[in-house]
1. Quick one: compute the contact order of the range 256-305, relative version, from alpha carbon pairs under 8 angstrom and 6+ residues apart, as a percent.
2. Report the calculated FRET efficiency for residue 343 and residue 168 (r = Cβ-Cβ distance, R0 = 51 Å), to the nearest 0.05.
3. So, R0 is 22 Å and r is the distance between the beta-carbons of residue 184 and residue 368; what FRET efficiency does that work out to, to 0.05?
4. At a 10 angstrom cut-off on C-beta neighbours, averaged per residue, how do the peptides 305-315, 275-285, 173-183 rank from highest to lowest?
5. Taking just the alpha carbons, could you work out the radius of gyration and Dmax for the range 253-411, both in angstroms?
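We did not get these values from a lab; they are worked out from the coordinates using the rules stated. Just so you know, these numbers come straight off a predicted model, no measurement behind them. Don't worry about glycine lacking a Cβ; one is built from the backbone with ideal geometry, like all the others, and counts go over all protein chains shown.
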């Protein structure tokens, strides 16, 4: 069933001299239907008494059980002329015809029938009609069956799009500053800089800009060399087989391990950090070209140098050979550290250290192109990233503060 406006639009097009074939195509009806209407065989709703009302919006009509549409308002209220200006003396019928003629002109210019287009296109047509006719917004929205809230929403979209364009460089800069992480970290970084924007907008802009956090890869290198000496107890292990890596205060529980980086040049770099389980802060680290006992020992010695008198954390490791050799054991005994070691073949037993390595490689290693980088250059960049992790990388688990900021907040008087 075609509505009355469609019939009148086609008849108006024929009156303007448009051919039946083109008029049918522009209005969106079949050629046979257009020919019947041109011959006077109009639909039953249009063949009845002369029209006494204008277009009925969805909020201005209701359908009875028999399908008849019942008007609630009169045409004078629907097509009310403006109070001032050249259109003030027009009758409602003249205003309706003016709108139909404007729609016809839009169709001739390549437009679509208003009720066959999405709401956004209909609002764009309404804006063109408003500018072409000078009619008030209420008349335009009722004629095109556009809710007023929808009309004003789409009119504000250009301003929203302009703000999105202005946010793009800020989002890109925040993405780099936070270490090429996900949208939550980018959103938090923007808020720290005083930029108020929703997470959904940040996520959409990152998707449009192609900014994605890199995924980690599986570790291949292993320091396990067999059971060369008795293993100490697994202190974080619970009775149910899971681990509790939580710490109530700094320097209660440390974890450490060694990870490998392979450069495109064929060189390899190794990192041995000591991580505090209280807040994930790297206490100390060593970087070298070989995974030697000296690499592991030097990072532990540097971490012990930060301890205050009376502090003696437990240090948890995997079953690597570095943590069984006399040098490592002597450092632990000299500083009162309680040794802890994972179960054999259970890499998840040192999940806190593995998690740090996964984050490190995702944000630092895989997120960059290391082709042409010398080993010394890579080591310097890795050391800088570790320092930045402590003083510049914000974390949701720390209330979007850096580890150093979080430690400083604990020392502030309440």
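1. 30
2. After rounding, the FRET efficiency stands at 0.55.
3. 0.55
4. 275-285, 173-183, 305-315
5. Final numbers for Rg and Dmax: 15.8, 47 Å.
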